[in-house]
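Working notes, beginning with the structure itself.
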Amino acid sequence: MRTLLKIYMMILVSATLAYSGDFLMPDQAFKPYAKVNDKAQVEAGIVLGEKIYLYEEQLKIDIEEGSGVNIASIASPEAVDHHGDMVFYKAPKFVLNLTKNSDVSGIVDMLVNIAYQGCSDDGLCYEPSMKSFTLSVDSSKLSLSSQKLDSLPSLSKQKVDTKVVSEEKSQTDTIADTIKSGNIFIILLTFFGFGLLLAMTPCVFPMIPIISGLIISQGKGLTTKKAFALSITYVLAMAVAYTIAGVLAGLFGANLQAALQTPWVVYSFSFIFVALAFSMFGFYELKLPDAFVSRISSKNHSSGYVGVAAMGFLSALIVGPCVAAPLAGALVYIGQTGDALLGGMALFSMSLGMGMPLIVVGVTAGKFMPKPGDWMTMVSAVFGVVMLAVAIWMLEKIVDPSVTMIMYSVLGIGFSLFLGVFERGGHFFKHSVAMIIFIYSISLFIGFLAGSSSMTKPLGFLNTPVVASAVGVREKNVEFQVVTSLEELDTILQANKGKKIMLDFSADWCTSCKEFEEVTFVDKDVRTKMNEFVLIRADVTDNGEKEKALSQKYGVFGPPAILFFDKNLEVREAKTIIGFTEPDEFLNHLNKL
């Protein structure tokens, strides 16, 4: 009674201010939603505006009678004390577990009502409101009613199942919820920080020689100011590409970056880098037609920006196709809410964060570029070799490892000869670098002839096998059962029901997937722990219809993604891993399963 009196007094006092000044309108302060998830549960909640809170006692969720569907329990977050009243400050999310009457079958329509009332910290209380949602549920997934909850007068009075639903969330879902409930400036700043962290991953590393080469190729007359402008152009184009691809992926559930890993696309882009490399070597000069340059120059445009922007756009899509938790979180948010604007802004901010180190690299390349002369020839040649290395690196995704191994070997031998590996005299540092490159390249060549495919241990075949002792056997690397379709996966899942199962979404063109293979999965402790699981790998390299269906069923926007199943073959969504994880962190994750 005291709460109701307080509410009505505040409404009365604020009557003249209700919809004036800086107060939010009701539809801005409260945004209810409700939907049916894959488990035939209703997920409902209210997105709150800034400085808005809800009274727990006034919040009521029910299903109108007549549909034959009832609420068995509601999982709800904990309310907090606010001057003696229990309120929700953060956008509350509720999960309604449903049952059905014995005479119900097929797809059933139901009317879900959400009644609520709340206030603003600035002193305004809003009138009680209610919103209804018409939802459909597959009744075959519901159990029969044993006991229906009464009319659910309020969430505070029903204590059927009040566990906090947010205590077990995957990192992706947590990030998606951050977008839903956070302040827009905090969201953008947070995703900018995510981008800075992602800039330290292998996804961004290949872009460093690209932007450096583009800046150096501008030739004489390049100032620090222009280098900065070109770097900004590259990064903005990259950010636009990530944003467009991300928004489309979120809206349509498509892994657009995977589609760009088809052989003809990779071959084409690799050819571009070869062409850039030969331009750096001085065989020809890549430039726009003089008539076109003259036209755009007459309109006070500067040359070079169009090409740099195009390269930035393509680099983002083809060179760095990685999926990390922040990216997946934004895609999940876009897919669930359809809010492509806010999700796209978050992705754009993340992309700018990823591009900050690239801007530093670009400006540095311009600032310390040597004056025309012998040094300029050397710098151009170095970046030409780097461009060729990037072209070979791209081909790794679609050709046999032995092919790229011999290509790297030939490139290294040629570059070391250019540096004068066998010449007498010259600078000590230059000669040392040339010798190291030559020795390594020869090792790659010998490894190729011996059938090795390891770039890090090309002469590993020379190691003498260790004989197993009587008390132990040599540990083998973990082995995955590979599937490419839902049918293959379901067969293995059913055959291993009751066991702990790990499903790894991977692809040959995925840089972070290779990081998992070469860093995390080879760790001795991780390998030992993984042996407790049935290991399945969903190979989505081809990105065909079967692979797309596999990804879509489990809500995977792209690799790497690792899912875990319980003994009933249910996905433990809160334990899903998106993006690369270091061995210690991954081991700690496995120990909690």
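You can think of it this way: the chain between residue 133 and residue 189 has 16.8 nm of extra reach, that is 0.36 nm per residue less the Cα-Cα gap. In this structure, the residue pairs whose Cα-Cα separation is over 23 Å, taken from 457/529; 35/553; 397/553; 457/524; 499/546, are 457/529; 397/553; 499/546. On a per residue basis, region 508-568 carries 43 Å² of accessible surface, using protein heavy atoms and a 1.4 Å probe.
Simple spin-label estimate for residue 569 and residue 107 gives 2.5 nm between the two label positions (7 Å along the Cα-to-Cβ direction from each Cα). Indicate the gyration tensor shape class of region 54-145 (rounded, prolate or oblate), computed on the Cα atoms with a ≥ b ≥ c the square roots of the eigenvalues: a/c under 1.5 is rounded; otherwise a/b larger than b/c is prolate and the rest oblate. Since a/c reaches 1.5 and a/b is larger than b/c, the shape of region 54-145 is classed as prolate. Stretching the chain fully between residue 50 and residue 197 yields a gain of 50.1 nm (0.36 nm per residue, less the alpha carbon separation). Can you compute the FRET efficiency between residue 482 and residue 428 using 1/(1 + (r/R0)^6), with r the Cβ-Cβ distance and R0 = 45 Å? Round to the nearest 0.05. Working from the Cβ atoms, E equals 0.35. When you filter the GluC sites (Glu not before Pro) in region 553-593 for DSSP loop state and at most 11 other Cβ atoms inside 10 Å of their Cβ, you are left with 570. Kirkwood hydrodynamic radius of region 503-593, from the reciprocal of the average inverse Cα-Cα distance over all distinct pairs: 13.6 Å. Please give the residues of region 502-519, grouped as numeric ranges, whose backbone N is less than 17 Å from a label point set 7 Å along the Cα-to-Cβ vector of residue 38. Residues 502-506 fall inside that zone. The modelled label-to-label distance for the pair residue 589/residue 532, using points 7 Å beyond Cα in the direction of Cβ, is 1.6 nm. What nm value, rounded to one decimal, do you get for the distance between residue 549 and residue 25 when each label is placed 7 Å out toward the C-beta? Inter-label distance under the simple model: 4.6 nm.
The values are calculated or read from the model by the stated rules, or taken from the named source; none is laboratory data. What you see is a predicted model, and the numbers here were worked out from it, not measured in a lab. When we count neighbours, we look across all protein chains shown, and the Cβ atoms used for this are built from the backbone with ideal geometry, even at glycine. Heavy atoms of the whole protein, side chains included, go into the accessibility calculation; ligands, DNA and RNA do not. Shrake-Rupley method; radii C 1.70, N 1.55, O 1.52, S 1.80 Å.
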